[in-house]
Amino acid sequence: MSSKTYDRIAPLYDALDFAYEVGWKRRLRSLVFAGTAGRILDAGAGTGCNMPLYPDGSEVVALDNSAAMLERAATRAARLGRSVDIRHGDLLDTGFPDGHFDHIVATFVFCVLPEPLQEPALRELARICRPGGTIRILDYTTSRRTPARIWMRAVSPWLRFAFAARYDASYESRLPAAGLETVESRHVFGDMVKLLVSRPVSAAARQSAA
Ligand SMILES: C[S@@+](CC[C@H](N)C(=O)[O-])C[C@H]1O[C@@H](n2cnc3c(N)ncnc32)[C@H](O)[C@@H]1O
């Protein structure tokens, strides 16, 4: 995904998303961070909507490939009085050492990554997550219920236009190929949004599977 889309919409992002944020996203963000501590990566941090949930005492890197989104994240961090390491970079090639983070969080990021980048992105996150650490994805899934499916189909053109996003990204089915195993997978807003917690498959488990 080109960072140009988000550079362009950065000034409007929070306003465009306001109703969703207040209506339900804020509540779900707290589920993502429950039980996290230590070194945390907020991958695709955007304007920093997750910042109020960063656990006290944690060391968080907020990474994004849109400089304009990060400018707003920096303003938010200052307003909240939080010390956050705000970095411009690509989550497909973060440059962090293997096993660097205790937890990695990606909220509404896989819905904007094109299909061919879903697995490479998961691989990179698996690489920089320590053994026993977790990767927590909060993102859309396609509903199985007809009314919700119809609603999602109707809103899809807006989602694509405003956020370059879609509801049917394939991140969950790609976990095994990326060297990740599922710890928890549950719907957290109807069956339209999922919290997916995974962890890197241990070397021992990889060997016994081979
Ligand atoms: C829909 S926004 C979500 C932002 C934030 N996580 C939230 O929950 O509000 C998606 C974010 O992912 C970022 N992004 C997309 N592709 C990226 C990549 N390859 N590397 C880093 N950030 C990326 C975009 O710039 C944008 O800020």
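Each value in this text was obtained by applying a stated rule to the coordinates, not by laboratory testing. Computed from a prediction, not measured in an experiment: that's the story for all the values here. For neighbour counting, all protein chains shown are included, and Cβ atoms are generated from backbone atoms with ideal geometry for every residue, glycine included.
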Report task. Could you give the DSSP H helices of the chain that reach 18 angstrom or more along their long axis (alpha carbon positions) and whose average Kyte-Doolittle hydropathy is no lower than -1.0? Result -> 3-20, 67-80, 115-128, 146-163
Requested in this report: Take the alpha carbon gyration tensor of the range 1-99, find the square roots of its eigenvalues, order them as a ≥ b ≥ c, and report rounded if a/c is under 1.5; if not, report prolate when a/b exceeds b/c, else oblate.
Outcome: oblate
Report summary line: Scoring the chain by relative contact order with C-alpha pairs under 8 Å, at least six apart, yields a percentage of 19
Query raised in the report: For Arg127 and Arg82 in the same chain, what is the full-extension length gain: residue separation times 0.36 nm, less their Cα-Cα distance, in nm?
Result: 13.5 nm
**Report entry** For the chain, calculated [θ]222 nm from helices alone, where every DSSP H run of n ≥ 4 adds -39500 (n - 2.57)
**Finding:** -12000 deg cm²/dmol
Requested in this report: Take Asp191, project a point 7 Å from its Cα along the Cβ direction, then tell me which residues of the range 112-142 have their backbone nitrogen under 16 Å from it.
Outcome: 140-142
Query raised in the report: Using the Cα gyration tensor of the range 3-209, with a ≥ b ≥ c the square roots of its eigenvalues, what is the shape: rounded (a/c below 1.5), prolate (a/b larger than b/c) or oblate (neither)?
Result: oblate
Report task. Decide, for the range 133-176, between rounded, prolate and oblate: order the square roots of the alpha carbon gyration tensor eigenvalues as a ≥ b ≥ c, take rounded if a/c falls under 1.5, and otherwise choose prolate if a/b is larger than b/c, else oblate. Result -> oblate
Report summary line: Across Arg127, Arg79, Arg199, the residue with the highest GNM fluctuation in the chain (Cα network, 10 Å cutoff) is Arg79
Query - Pairwise centroid distance, computed over Cα atoms, of the range 33-61 with the range 87-152, Å - result: 14
Report summary line: Taking a crude spin-label model, label points 7 Å out from Cα along the C-beta direction, the Ala67 to Arg8 distance in nm is 1.8
